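Below is one structure, written out as structure tokens, with a few remarks after it.
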Amino acid sequence: MLPSCAYAHISSVLEVSRDEITDIWPLKQGLTNESWHFTTPEGEYVYRQPGVGTEDLVDREAEVEALKLARSIGLDGTFIYEDVKQGWKLSRFLVDCRELDARDAEQVACAMRMARTLHESGARLARTFDFYEEGKRYDALLRELGPIEVPGYDELAAKADCVAAFAHADGAPVCITHNDFFNLNILIDRSDRMHLIDWEYAGMSDYAHDFGTFTVCCKLSESEADAALAAYFGRIPTFAERCHNFAFVALAGWCWYLWSLYKEAVGGNAGEWKEIYLSYAVRYFDRVISGYEGIAQQEERGIA
């Protein structure tokens, strides 16, 4: 059911009466927010209400800055308005749109080109974002609630420290990244235009953040991830580039796993995603560390 406060919000922005707000139904609910479809005489829209605990998870001022930027460079044609203090948002509803199919190689390649366009846009945001630092923030929030009593947690945290140190030492390009870049946030309209929505975590980051999130949240196999990475570069990546990007697959899994732990600790529900996020961290931490150690050994021998 649409929250009662939403009617006043919608009326104030779209300049319609409550009686003109009709055809209300819930959209598929995300892990962070709740959204509803509604219609006015001017068209179809989406109202988003922030979920439990998001005031600690999301910087709304940074999100609004990112949304305005995305609209200006043509990556998101849906955004209308967001209230910075309360976090509710109005967007245009894309009629007959579809989510990106992460098993469709052509669509994935198009999405990777979209990511490359964003990264090379030259646009800048005041906010910075780093999976490792964001994960440590969630860790601190969890510890404020009590000790973290998860089997194997400290060992995995140590591996995150190691992978982050290797990846940050690469000195890779920092640019604007979406950081929640995956199929549910990439909508394809009736004219086959892609819209990248939900910019809550956008900021200046290592370019590999978006590949990391895409691989984890689209649940890509290793071969599918390799194909996506090749589409991003427009060529087969070097071993060092591959190692760097898969470091951010592991760090993305770790960061969002900690997000899930905190979400559940404050009464939310991450569902199966908690284990999915964890599985990518566990799968790739050791392999990435081994890869970086191999590069270091080659450099010592003067091979690399």
Within the chain, which DSSP H helices have Cα atoms that stretch 27 Å or more along the helix axis and a mean Kyte-Doolittle hydropathy of at least -1.0? 239-265, 273-300
Pairwise label distance in nanometres, ARG71 with ARG113, each label 7 Å out on the Cα-Cβ vector: 2.7 nm
Apply the Karplus parameterisation 6.51 cos²θ - 1.76 cosθ + 1.60, with θ equal to phi minus 60°, to every residue of the range 199-208 and state each ³J(HN,Hα) to the nearest whole Hz, in sequence, with x for glycine and proline. 9, 4, 10, 4, x, 7, 8, 4, 4, 6
Give, in nm to one decimal, the length gained when the segment between ILE80 and GLU133 is fully stretched (0.36 nm per residue of separation minus the Cα-Cα distance). 16.0 nm
Can you figure out the FRET efficiency of ARG18 with ARG190, using R₀ = 41 Å and their beta-carbon distance, to the nearest 0.05? 0.85
Model label zone, ILE148; criterion: amide N under 13 Å from point 7 Å along Cα-to-beta-carbon; scope the range 101-133: 132-133
Cut-off 18 Å, label point 7 angstrom out along Cα-to-Cβ of ARG283: give me the residues of the range 140-161 whose amide nitrogen falls inside. 160
What does the extension gain come out to for GLN298 and ASP170, with contour length at 0.36 nm per residue minus their alpha carbon separation? 44.5 nm
List, in the order given, every pair from LYS68/LYS274; LYS136/LYS274; LYS159/LYS274; LYS68/LYS219; LYS89/LYS263; LYS159/LYS219 whose Cα-Cα distance in the structure shown is over 27 Å. LYS68/LYS274; LYS68/LYS219
Tell me, what is the percent relative contact order of the chain, built from C-alpha pairs under 8 Å that lie six or more residues apart? 18 percent
ALA230 to CYS97: extension gain in nm, 0.36 nm per residue of separation minus the Cα-Cα distance? 45.2 nm
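Every number in this text was worked out from the coordinates using simple rules, so none of it is lab data. For clarity, every value in this text was computed on a predicted model and none was experimentally measured. Cβ sites come from the backbone with ideal geometry, for glycine too, and all protein chains shown count toward neighbours.
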